[in-house]
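The values are calculated or read from the model by the stated rules, or taken from the named source; none is laboratory data. From a predicted model like this one, the values you see are computed outputs, not experimental measurements. Using ideal geometry, Cβ is built from the backbone for each residue, glycine included, and neighbour counts are taken over all protein chains shown. Accessible surface areas use protein heavy atoms only, side chains included; no ligands, DNA or RNA. Shrake-Rupley method; radii C 1.70, N 1.55, O 1.52, S 1.80 Å.
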Amino acid sequence: DFARAAAEVFASAGINVTLANDYTPTPAVSYAVKHRNHAGGVMITSSHNPASWNGFKYKASYGGSARPAIIQSIERELGAPLPQSQKKGAITEGDLKADYIAALRQFVDLAAIARSGFKFGIDCMYGAGRGVLSGIFRQAGVPHVEIRAEANPLFPGINPEPIEPHTLACQQMVVREGCAAGLITDGDADRIGACDEHGNYVTSHMIFALMLRWLLESKGWSGDVVRAFNTTRMLDRIAAKHGRRLLECGIGFKYICDLILAPGNNILIGGEESGGIGIARHLPERDGILNSLILASIMAESKRTLGQLVQDLFDEYGAHYYGRIDLHISDPMKSSAIARARAGVSEFDGHKVLRSEDLDGVKFFLEDPAAQAETKTGPKRAEPWLLLRASGTEPLLRIYCEAGSPELVKSLLAAGEQFALGKQ
């Protein structure tokens, strides 16, 4: 209903509109904009957020998130009188998924995935990805089980965000059905989450790292790497090993898109903590369904389960564990926490602050002798960091952490929460 209302406003201004005839993944809309030479696109979605945060995603003519400059130009028009045209534009309903799905089929070797014998779990989280990945697998003869594929605007019991605890149904299903991995897409299917064969949640950081290693070592594609400020530094180690430049940007895929499109840049892949990962030669856009196919392809090529692949990363680049907590606190308390963080902090949970950065929020790099010491038994584990940032889409403060052990992540997050609440 909201999509049709948006289409009617465009049509009243004399603009012709193609209106999707079914629930459609965001990357499919972006693909249609680019390959049908449309001027732009609008996706009506709350994405991974609660339904009450429903809104617009604007997609520019290049088929990706609107760059910051485009968003600013749109925002300047808010509240202005709606333009009207004597000749109304046409609204034509159409299928925006078929061409997109055909492109996905060409990106990976589906026959090899089928030959691998791996069985996959698919969790659509009641979102717009329903039936897409399962349809591709069904046609290719890939064994799979799909859950939460019915349209349910209440998203019962969850937010459609592919992180714990919302992924529990998939984790349980994977173990119950004997799958080699669970592949999870968010409400509008542009973000990915996963779980391994034992039902362990696999973070988007490890998915990003696996995809990067595959693109560099298996595909041999050229280009540099972009990661958001709150994303694993394992990517830095992988990029350095392969002689690739790594660029860091603010949190939000629009900043990654900006770097992909910047003249002179040759970006291979970019991604963010929330599961949004984009491969530039496909689209300057996040794509949870494509990334699910790539994970399945990596498993098929390597003959390794998802859990084994993550362990391979740890063996080569060191143990990297991650956690995040979301604090629903008042705006004054949120502002106070950020102000105190900017003023300087000496330690968290007994770990000395080595330095801080404020590209987007305030990130503290912390001392950990086990991460800084020379080791003869294998690669160094992750150097710990803790990030405090006010959300740009919801009324909350997010605290992110990466470290070399799950215990250290847990203790640092607890210390960060005490700090944010003014108890440290």
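Say whether the condition of being within 28 Å of the chain's Cα centre (by Cα), of a type in the set (Asp, Glu) and assigned to a strand (DSSP E or B) is met by at least one residue in region 357-378.
We begin by selecting, within region 357-378, every residue within 28 Å of the chain's Cα centre (by Cα); these are 357-366, 371.
From what's left, of a type in the set (Asp, Glu): 357-358, 360.
Going one step further and asking which of them are assigned to a strand (DSSP E or B), we end up with 357.
The answer is yes, given that some residue of region 357-378 is within 28 Å of the chain's Cα centre (by Cα), of a type in the set (Asp, Glu) and assigned to a strand (DSSP E or B).
Pick out the one residue from SER52, SER30 that is surrounded by fewer than 19 Cβ atoms within 10 Å (Cβ to Cβ), part of a helix (DSSP H, G or I) and either touching a His at 6+ places or on another chain (Cβ under 7 Å) or hydroxyl-bearing (Ser, Thr, Tyr) (or both).
Numbers: SER30 fails: surrounded by fewer than 19 Cβ atoms within 10 Å (Cβ to Cβ).
Just one listed residue meets the conditions, SER52.
Being surrounded by 15 or more Cβ atoms within 10 Å (Cβ to Cβ), farther than 23 Å from ALA32 by Cα and of a type in the set (Lys, Arg) is a property that LYS119 has. Among the residues of region 72-129, those that are over 20 Å from ILE15 (Cβ atoms) and charged (D, E, K, R) comprise ASP95, LYS97, ASP99, ARG105, ASP109, ARG115, LYS119, ASP123.
When you go through GLU161, GLU75, GLU146, GLU150 one by one, which is the residue that is under 22 Å from the mean Cα position of the chain (by Cα), open to solvent by 50 Å² or more (accessible area, probe 1.4 Å) and acidic (Asp, Glu)? Going through GLU161, GLU75, GLU146, GLU150 in turn, the sole match is GLU146.
Restricting attention to region 108-139 and to residues that are out of contact with any helix residue (DSSP H, G or I) (no Cβ under 6 Å at 6 or more places or on another chain), hydrophobic (A, V, I, L, M, F, W, C) and in a helix (DSSP H, G or I), the residue that is nearest to ALA3 (Cα to Cα) turns out to be ILE136. Scanning region 394-410 for residues that are assigned to a strand (DSSP E or B) and touching a Pro at 6+ places or on another chain (Cβ under 9 Å) yields CYS401, GLU402, ALA403. A residue that is in contact (Cβ under 8 Å) with a residue 60 or more places away in the chain and not in a helix (DSSP H, G or I) occurs nowhere in region 288-298.
Of the strands (runs of 3 or more DSSP E) lying entirely inside region 203-276, those containing at least 2 residues that are under 21 Å from VAL310 (Cβ atoms) span 224-228, 267-271.
Would region 329-343 turn up any residue that is assigned to a loop (DSSP other than H, G, I, E, B), open to solvent by less than 20 Å² (accessible area, probe 1.4 Å), farther than 25 Å from GLY187 by Cα and modelled with pLDDT of 95 or more? So far as region 329-343 goes, no, none of its residues is assigned to a loop (DSSP other than H, G, I, E, B), open to solvent by less than 20 Å² (accessible area, probe 1.4 Å), farther than 25 Å from GLY187 by Cα and modelled with pLDDT of 95 or more. If the condition is being surrounded by fewer than 22 Cβ atoms within 10 Å (Cβ to Cβ) and of a type in the set (Ser, Thr, Tyr), then region 367-420 contributes THR375, THR377, SER391, THR393, SER405, SER411.
Only one of HIS242, HIS282, HIS205 is open to solvent by 20 Å² or more (accessible area, probe 1.4 Å) and either closer than 26 Å to VAL132 by Cβ or without any contact (Cβ under 8 Å) to a residue 40 or more places away in the chain (or both). Can you tell me which? So that I can check it myself, show each step before the final result.
Working: HIS282 fails: open to solvent by 20 Å² or more (accessible area, probe 1.4 Å); HIS205 fails: open to solvent by 20 Å² or more (accessible area, probe 1.4 Å).
HIS242 is the lone residue from the list that is open to solvent by 20 Å² or more (accessible area, probe 1.4 Å) and either closer than 26 Å to VAL132 by Cβ or without any contact (Cβ under 8 Å) to a residue 40 or more places away in the chain (or both).
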